[in-house]
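Structure in structure tokens, see below.
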Amino acid sequence: MSRDFTWRDAGRTVVLRRGAVATAPALLEEHGFGAFQLLSTPRALAAAPELAAAASAVHEVPAGQIPDLAAGLLGAAELSSEGWKKGLPQGPQPFVALGGGRVVDVAKALASVAGARVAAIPTTMSGAEMTAIHRLPAGAEDRVRGMVRPALVIADPEAMTSQPEAQLRASSMNALAHGVDTLYTPLANPVSEMTALRGAALIGSALDRPRVERDNADLALGSLLCGYAIDSAGYGLHHVVCQTLVRVCGSPHAETNAAILPEAAAFLAAQAPGPYADLAAALGTDSAGLAARIRELGQPTGLGQSGADRDKLDEAIEAMLRRPELAAVPAPPTAQELEQLIDRAW
């Protein structure tokens, strides 16, 4: 069973604490976020009224693509920050993101223009809270000051694992994918490998248990560790395929990760057998059973059933082949290999 902890790491603080959402205003103030703008969703806000009351401004983040969402909120966020500056010390007002990966990534995108700090309080297993990987506000790319990694992460295991079971498993596969996709990259290193494999083992063992018996802190910690790994080592095949399918074919993010991950892991294991044998062992299987084990954990819905537009698949594959991250794969896939991989997940 994972214990509560505070982890300080190169200018970032990660607090994993059961019940932390209820005490978030005090935790934020303790770590220098006494005044902040809150980004969230109606679902997350309903469970955190104290946090909404403590914010100087609340911005709801609807469904959509990160660049458009961030561009739509940029004016309101900057206006709120200007109002804050008039009565408080100079500098951009921090952003607090309460929600899943979309909300956290919008906060990071806004902060990349505003030059503000971000605190993340995740309500899914997206891992976005652990990375400086995000897209930018549409039309404001020339104003970006740098990519943003949240300076404070408040990880409440109950909030992170609060989705219905099918959605939680899909979100957990998104988290697992952060570890899986780092094991062969040019930037893979002993720390990224250690955190990826430990995170995978925690996610696998937690999902093996019935929900009523599950240690949600193990599942949450697995997500944090795999998120740390991808921030350190970068990504390649799996994330190129999933990100492009989401943007071009319109499939939902977590469900796309869950569907593609078994196929991507099998493809990568054939190219880098050593690291993926270690991954299989962490998940309690061997290399031959790796894809089946990941399917067992994620229980994925096929891409076709998730709403992906098959008519746009050729366009998506062309876009994948243009992505420079594919160069991280020892033998980058051809268009035919990508189509076959996606077909198996359809």
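The values are calculated or read from the model by the stated rules, or taken from the named source; none is laboratory data. Only a predicted model underlies this, so the values are computations on that prediction, with no experimental measurement involved. Because the Cβ atoms are built from the backbone with ideal geometry, glycine has one as well, and the counts that use them run over all protein chains shown.
Filter the range 283-311 down to the residues that are among the hydrophobic types (A, V, I, L, M, F, W, C) and within 21 Å of the chain's Cα centre (by Cα), then identify the one that is farthest from ALA200 (Cα to Cα). Don't jump to the end; show me each part of the working.
Applying the first criterion (among the hydrophobic types (A, V, I, L, M, F, W, C)) to the range 283-311 yields 283, 288, 290-292, 294, 297, 303, 308.
Adding the requirement that they be within 21 Å of the chain's Cα centre (by Cα) leaves 283, 294, 297, 303, 308.
Details: LEU283: 7, ILE294: 10, LEU297: 11, LEU303: 23, ALA308: 27 Å.
Per the criteria, the residue is ALA308.
Do you know which residues across the range 9-28 are modelled with pLDDT under 95 and in a strand (DSSP E or B)?
ASP9
A further question on this structure: For the range 303-342, what are the residues that are charged (D, E, K, R), free of Cβ contacts under 8 Å to residues at least 40 places away in the same chain and more than 17 Å from PRO252 (Cα to Cα)? Don't jump to the end; show me each part of the working.
First pass over the range 303-342, keeping only residues charged (D, E, K, R): 309-312, 314-315, 318, 322-323, 325, 337, 339.
Checking the rest, the ones that are also free of Cβ contacts under 8 Å to residues at least 40 places away in the same chain come to 311, 314, 318, 322, 339.
Those that are charged (D, E, K, R), free of Cβ contacts under 8 Å to residues at least 40 places away in the same chain and more than 17 Å from PRO252 (Cα to Cα): ASP314, GLU318, ARG322, GLU339.
Only one of (1) buried (at least 24 other Cβ atoms within 10 Å of the Cβ); (2) outside any strand (DSSP E or B); (3) in contact with a His (Cβ under 9 Å, 6 or more places away or on another chain) fails for PRO150. Which number is that?
Every listed condition holds for PRO150 apart from (3).
Considering every residue within the range 244-257, establish whether at least one is free of Cβ contacts under 8 Å to residues at least 12 places away in the same chain, in contact with a His (Cβ under 7 Å, 6 or more places away or on another chain) and in a helix (DSSP H, G or I).
So in the range 244-257, the residues free of Cβ contacts under 8 Å to residues at least 12 places away in the same chain come out as 246.
Now narrow it down to the ones that are in contact with a His (Cβ under 7 Å, 6 or more places away or on another chain): 246.
With the extra rule that they be in a helix (DSSP H, G or I), the set shrinks to 246.
Among the residues of the range 244-257, at least one is free of Cβ contacts under 8 Å to residues at least 12 places away in the same chain, in contact with a His (Cβ under 7 Å, 6 or more places away or on another chain) and in a helix (DSSP H, G or I), which makes the answer yes.
Do the conditions hold for LEU221, that is, is it under 15 Å from ALA128 (Cβ atoms), in a helix (DSSP H, G or I) and assigned by TED's automatic domain parsing to the domain that holds ALA331? Before the answer, list the steps.
Numbers: under 15 Å from ALA128 (Cβ atoms): no; in a helix (DSSP H, G or I): yes; assigned by TED's automatic domain parsing to the domain that holds ALA331: yes.
For LEU221, the condition - under 15 Å from ALA128 (Cβ atoms), in a helix (DSSP H, G or I) and assigned by TED's automatic domain parsing to the domain that holds ALA331 - is not met.
Name the residue, out of ALA282, ALA292, ALA265, ALA327, that is exposed (fewer than 15 other Cβ atoms within 10 Å of the Cβ) and at pLDDT 95 or above.
Values: ALA282 fails: exposed (fewer than 15 other Cβ atoms within 10 Å of the Cβ); ALA265 fails: exposed (fewer than 15 other Cβ atoms within 10 Å of the Cβ); ALA327 fails: at pLDDT 95 or above.
Answer to the selection: ALA292.
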